[in-house]
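K.L.:
Below is one structure. I have some questions about it.
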Amino acid sequence: MDYGMIGKIEKAKRYAEERDRITFNSLAVEFKGNNNFYEIRLNGEGWQCSCPGFQSHAICPHVMTMERLFKPMLKRDPLPYAPGQNVVSDVEKSKRYSEETDRIQFTAFDVTFHGSNNDHHTKYHENAMQCDCDFFNTRRVCSHSMAMERILLKMLPKQPATEE
Ligand SMILES: [Zn+2]
Ligand SMILES: [Zn+2]
């Protein structure tokens, strides 16, 4: 392995620990609830979840789980509790879910890395990572893409095996 790559791996480790440098501009995940799969999205307009609880209260344990797991990377206030919401039960569920991260699969995200000199944008879409930094441009991997892999681990679907 070359020096350039070793440096990027070190940097990826640091980024994965300094999560406030990273902001989710948008994301999409598939969330396995107790009985059904739900789709959660975050974009400029805020959170959406396809579960019935979210339709009636604009908050649900699935989004609360995402807030719990990715707080420093969201840069937004948590959703307010709603009248009629079973807060005790939802808090309880979101605590448990956030320890069961195999319930969560990212299908897309768009993040900004606030570097010491420049900001970089890293995206994940259709099983592929993209980054606008120079290193990625030549190597198809970079400190940003590796940091996201470190943070999300198995929440990122397994990369398709490269064809021989
Ligand atoms: Zn939900
Ligand atoms: Zn990059």
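K.L.:
From the cross-link list 8/158; 13/154; 71/95, which pairs have alpha carbons spaced over 20 Å apart? Intermediate results must be reported in sequence, preceding the final value.
P.N.:
Details: 8/158 22 Å; 13/154 17 Å; 71/95 13 Å.
8/158, as the Cα separations exceed 20 Å there.
K.L.:
If you don't mind, there's one more thing I want to ask. Apply 1/(1 + (r/R0)^6) to the Cβ-Cβ distance of residue 37 and residue 3, taking R0 = 41 Å, and write down the FRET efficiency to the nearest 0.05.
P.N.:
Values: r = 44 Å, r/R0 = 1.07.
With a Förster radius of 41 Å, E is 0.40.
K.L.:
Oh, and also: Counting alpha carbon pairs within less than 8 Å and at least 6 residues apart, what relative contact order, in whole percent, applies to segment 35-104?
P.N.:
26
K.L.:
Residue 79 to residue 48: extension gain in nm, 0.36 nm per residue of separation minus the Cα-Cα distance?
P.N.:
Answer, rounded to one decimal: 10.1 nm.
K.L.:
How much FRET efficiency would the formula 1/(1 + (r/R0)^6) give for residue 88 and residue 10, where r is the Cβ-Cβ distance and R0 is 35 Å, rounded to 0.05?
P.N.:
0.20
K.L.:
Right, next: Would you kindly state how much longer the chain becomes between residue 100 and residue 56 on full extension, computed as 0.36 nm times their sequence separation minus their alpha carbon distance, in nm to one decimal?
P.N.:
Computed gain between residue 100 and residue 56 is 13.3 nm.
K.L.:
If I model a spin label as a point 7 Å beyond the Cα along the Cα-Cβ vector, how far apart are those points for residue 116 and residue 140 in nm?
P.N.:
Taking the simple label geometry, residue 116 and residue 140 are separated by 3.1 nm.
K.L.:
Follow-up. How charged is the neighbourhood of residue 141? Take every other residue with its Cβ under 15 Å from the Cβ of residue 141, and add Lys/Arg as +1 and Asp/Glu as -1.
P.N.:
Working: positive: 8, 11, 13, 123, 139, 140, 150; negative: 2, 10, 132, 134, 149.
Cβ neighbours under 15 Å give a net charge of +2.
K.L.:
What's the longest uninterrupted piece of the chain once you rule out the trypsin sites (Lys or Arg not before Pro) that are loop residues per DSSP with at most 16 other Cβ within 10 Å?
P.N.:
After excluding every exposed loop site, the longest remaining stretch is 1-74.
K.L.:
Explain nothing, just the number: relative contact order of the chain, from Cα pairs under 8 Å at least 6 residues apart, as a whole percent.
P.N.:
26
Taken together, the values in this text are just the output of simple stated rules run on the coordinates, not laboratory data. All values derive from a computational prediction rather than experimental measurement. For neighbour counting, all protein chains shown are included, and Cβ atoms are generated from backbone atoms with ideal geometry for every residue, glycine included.
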